[in-house]
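Taking it in order: structure first as structure tokens, then the write-up.
The values are calculated or read from the model by the stated rules, or taken from the named source; none is laboratory data. Small disclaimer: the values here were computed from a predicted structure and weren't measured. Positions of Cβ are backbone-derived with ideal geometry, glycine not excepted, and every protein chain shown enters the neighbour counts.
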């Protein structure tokens, strides 16, 4: 199969997405609650969040865990929708995988990041993970008051909020794409 240069990024990112689905289901024995690869419209974000909420209720999860999940999903998906980069063809490709085990949920969110934003993103996420809960709350209030910008239009509050709601470090990985762009995957663990 011959793939044009304009669609290589989408093929590469889909391959990364599929490898995560395989790893979590086949190797780590998680079951997929919901997954999506492509663009995220506002309506789709609400539909996905409602679907996850319904699934969690049917699995018997506690209300406070469902509320935390909803908050993490909305923050992460809005971030991908609003701030996610575009591939060389102008497409905004992002992904979501929500999977569960008996002990926790894993929320994997991915989107394209421009090369120039890669270092700032790595530094910011490392900084977020080096704070305890009280320090994160203080940082959240400081960013809310003074502002901190990862890139144009993004204060980074969503990332802090996801970290606070999960009570776990954010794991992340950056994949270099042949287009020069980067595909960013963040994994958020929410204990059940």
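A few comments on the model shown:
- Given (1) surrounded by 14 or more Cβ atoms within 10 Å (Cβ to Cβ); (2) in contact (Cβ under 8 Å) with a residue 40 or more places away in the chain; (3) within 19 Å of residue 75 (Cβ to Cβ); (4) in contact with a strand residue (DSSP E or B) (Cβ under 6 Å, 6 or more places away or on another chain), number of the condition residue 165 does not satisfy: (4)
- For residue 108, the conditions (1) part of a helix (DSSP H, G or I); (2) crowded, with 16+ Cβ neighbours inside 10 Å; (3) in contact with a strand residue (DSSP E or B) (Cβ under 6 Å, 6 or more places away or on another chain) are fulfilled apart from (1).
- The set of residues in segment 145-192 being assigned to a loop (DSSP other than H, G, I, E, B) and at pLDDT 85 or above consists of 167, 168, 169, 170, 177, 178, 179, 180, 181, 192.
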